[in-house]
Amino acid sequence: MSLVERHPLRWWGLAVTVLAVLVDMVDNQIVTVALPAIQRRLGAGEAALQWISAGYALGFALTLITGGRLGDRYGRKRLFLVGMTVFILASTGAGLAPGAGILIAARVVQGIGSGLMVPQVLSFIHAEFAEDERPKAMMYYSIAFPVGGIGGPLVGGLLTQANLFDTGWRAVFLVNVPFGVLAVVGALLAVPDRPGTSGRRLDLAGLALLTAGLFAIFYPLVQGREQGWPWWLVALVIAAVPLLALFAAQQRAAARRGGEPLIAPGLLRRRGLLTAQAVTFCTNTAVGVFFVLTLHLQLGLAYSPLATALAFVPAAAGIVVGNVVAMRLAPRYGGTFTAAGTVVMLAGLALIAVLVVRLGGGLSPTALLGPTLVWGLGVGGVLNSLFAISMSQVGPEQAGSASGVVNTTVQLGTAAGIALLGTVFFSRTGAGFAAAAVTAMAVAIGVLVLALLLTAALPRPRRGARFEPRSTARGEHGRRPSSRP
């Protein structure tokens, strides 16, 4: 019996799962323009603003790989519903939060819900659609990212500025609820219920060690400046090294015992994949510069939330165009294309920094249109090319694990950028918001220069060849992870 006969509602199932991804993508982009309003209404401190943005990315990163494993074990539909329900409840909690602490906790839980939900969508496409249908299904799935990237900041600016029913910034979280409920109801009706197939135990020890190691890095990075770097925060940073070393050793031991570690040790021996992740981490760290630029525009230049969002629309559009260009050229030129895209990112960021310095308080949204477009073109090209390079280094039997590693690196880089560049920005606000923003941009430029140097070690296809995922005799293809530029 064919897939069409067995699953007549699979296209409706795709529609509701893509809706869920779109809601998640919008939520990922919607918050930044609302941060100054959140600070005013809740009296949130500077570190709290960083946690509100970075907490989501950390929660997502820590559950992404585990979410895929849970879906394999307990069923994709069940985990999708659990993840979406967690996301809805957390969005409600964020929208009703009486203080910054509750809001931060809700943001982390939102990220956890997304980490449980998003992997199931790709698994659903891979399992429920015939090979000749998958390109069309993936096209619909991919649409969620540019739409969310462009629509997220605009929706956030509109909702914050409109102050519907006196909700103010709370609307940027509460808007998730009706669409999330619609996705849950649609999934109950249209997504096929498949039993889990994996009986292996989850690597809870590995997850605990990784969480502890990352906490030991991110907590001091965000809180250290406000707390004056007491000895115990310094000790926590030092403790991150043995914790992460212990995680690596535990992963190798789990693999030797025949278990299923979070990260397949074989992936860590692929130099091309590791180099691509290093560049991915650096570029996503640099993307955190838009966190501080948003604060400068609203707090330093008194931009409205909507004007701030409009200033960033060209960047989102550039990311879309950069992705399209990379899809055609990155498989042919590999690391050379990535290096060129990194140079474009550097040019865009340098132009923005020059405008902040030269125009000062006269910096207008229209002046930023060209530089942010250039920046977005570089970001889209670099991230898409890094995905192509990463997946070319593994075979289909490791594609799922590799895509989880790539997406986790993206989220960790995002969180690191907000933590690092936010700390630099807030440490310099005494000299003025413009000086603080330029200092943070200078650090971001330094990170991008490091990324550019690392691109020299990226794999490059032989002349006349193209990067393609390594295949088995059956020519199967791995799952494509969600990228969040």
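The values are calculated or read from the model by the stated rules, or taken from the named source; none is laboratory data. What you are looking at is a predicted structure, and each value in this text was computed from that prediction instead of being measured. Because the Cβ atoms are built from the backbone with ideal geometry, glycine has one as well, and the counts that use them run over all protein chains shown.
The C-beta contact set for the stretch 17-44 (first residue within 30 Å of Arg76 (Cβ to Cβ), second residue of a type in the set (Lys, Arg), distance under 8 angstrom, 6+ apart or interchain) comprises Met25/Arg484; Asn28/Arg484; Val31/Arg107. Residue-level analysis places Gly361 outside the set of residues that are in the same structural domain as Asn284 (by TED's automatic domain parsing) and within 20 Å of the chain's Cα centre (by Cα). Just to be sure before I move on: is Leu421 in contact with a helix residue (DSSP H, G or I) (Cβ under 6 Å, 6 or more places away or on another chain), part of a helix (DSSP H, G or I) and of a type in the set (A, V, I, L, M) in the structure I sent? Spelling it out, Leu421 is indeed in contact with a helix residue (DSSP H, G or I) (Cβ under 6 Å, 6 or more places away or on another chain), part of a helix (DSSP H, G or I) and of a type in the set (A, V, I, L, M).
Looking across the stretch 48-92, the residues that are surrounded by fewer than 23 Cβ atoms within 10 Å (Cβ to Cβ), more than 20 Å from the chain's Cα centre (by Cα) and not hydroxyl-bearing (Ser, Thr, Tyr) come down to Asp72, Arg73, Gly75, Lys77, Arg78, Leu81, Val82, Leu89.
Do we have any residue at all in the stretch 273-280 that's of a type in the set (Gly, Ala, Ser) and part of a helix (DSSP H, G or I)? There is at least one residue in the stretch 273-280 that is of a type in the set (Gly, Ala, Ser) and part of a helix (DSSP H, G or I).
Restricting the search to helices (runs of 4 or more DSSP H) fully inside the stretch 282-364 and requiring at least 2 residues that are of a type in the set (D, E, K, R) gives 305-333.
Of all residues assigned to the stretch 233-248, at least one qualifies as being over 24 Å from Leu420 (Cα atoms) and either at pLDDT 85 or above or of a type in the set (A, V, I, L, M) (or both). Total residues in the stretch 16-60 satisfying the condition of being in a helix (DSSP H, G or I) and over 17 Å from Val155 (Cα atoms): the figure is 21.
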